[in-house]
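The structure appears right after this line, and notes come after that.
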Amino acid sequence: MTAPKHNEDQVEVDLDLEHCSRCQGCVEMCPEVFGWDDTMDLPVLLAPTGPREEVLQVAAFCPKDCIRVAGWKRDW
């Protein structure tokens with residue numbers, strides 16, 4: 001039996017919601033990773049990892065820089 005391969009196309013993602021504008025862009029752009037909690041009126045993570053390109057695009061789009069991606073930092 002072989003060990004599972006590390007999928008380099010997946011990245012770890014986390015949310016820092018202190019300044020979240022509740023725009024729901026993350027939910028619209030990447031619904032397999034981000035969901036919406038109607039009770040808290042905030043986004044939630046549905047998965048701890050997601051497709052690298054999609055998650056990076058969502059993180060770059062976030063107006064309040066609430067999406068943290070392991071190994072990536074905004075440069076603006």
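The values are calculated or read from the model by the stated rules, or taken from the named source; none is laboratory data. From a predicted model like this one, the values you see are computed outputs, not experimental measurements. Because the Cβ atoms are built from the backbone with ideal geometry, glycine has one as well, and the counts that use them run over all protein chains shown. Each accessible area value is taken on the protein alone, full model and side chains, heavy atoms only, with ligands, DNA and RNA left out. Shrake-Rupley method; radii C 1.70, N 1.55, O 1.52, S 1.80 Å.
Provide the gained length on full extension for the span residue 72 to residue 10, in nm with one decimal, where the gain is 0.36 nm per separating residue minus the Cα-Cα distance. Mind showing how you got there, number by number?
Values: separation 62, 0.36 × 62 = 22.32 nm, distance 1.28 nm.
The span from residue 72 to residue 10 would gain 21.0 nm if fully extended.
Rounded to two decimal places and with Rh computed the Kirkwood way over Cα pairs, what is Rg over Rh for region 18-76? Spell out each step's value before the answer.
Numbers: Rg = 10.8 Å, Rh = 11.7 Å.
Reported Rg/Rh, Kirkwood definition of Rh: 0.93.
Note the full-extension length gain between residue 37 and residue 61 as 0.36 nm times their separation in residues minus their Cα-Cα distance, in nm to one decimal. The partial results should precede the final answer.
Values: separation 24, 0.36 × 24 = 8.64 nm, distance 2.01 nm.
Separation in residues times 0.36 nm, less the Cα-Cα distance, equals 6.6 nm.
Angle check, please: helix 52-61 long axis (alpha carbons) against the longest principal axis of the chain (alpha carbons), in degrees 0 to 90, nearest 10.
With both axes taken from Cα atoms, the answer is about 20 degrees.
Run the accessible area of the chain with a 1.4 Å probe and give the carbon-and-sulfur part as a rounded percent. Intermediate values should be presented prior to the final figure.
Details: 2720 of 5430 Å².
Heavy-atom surface of the chain belonging to carbon and sulfur, 1.4 Å probe: 50 percent.
Obtain the nm distance between the two label points defined at residue 53 and residue 17 by a simple spin-label model: each point lies 7 Å from its Cα along the Cα-to-C-beta direction.
Label-label distance for residue 53 and residue 17, simple model: 3.0 nm.
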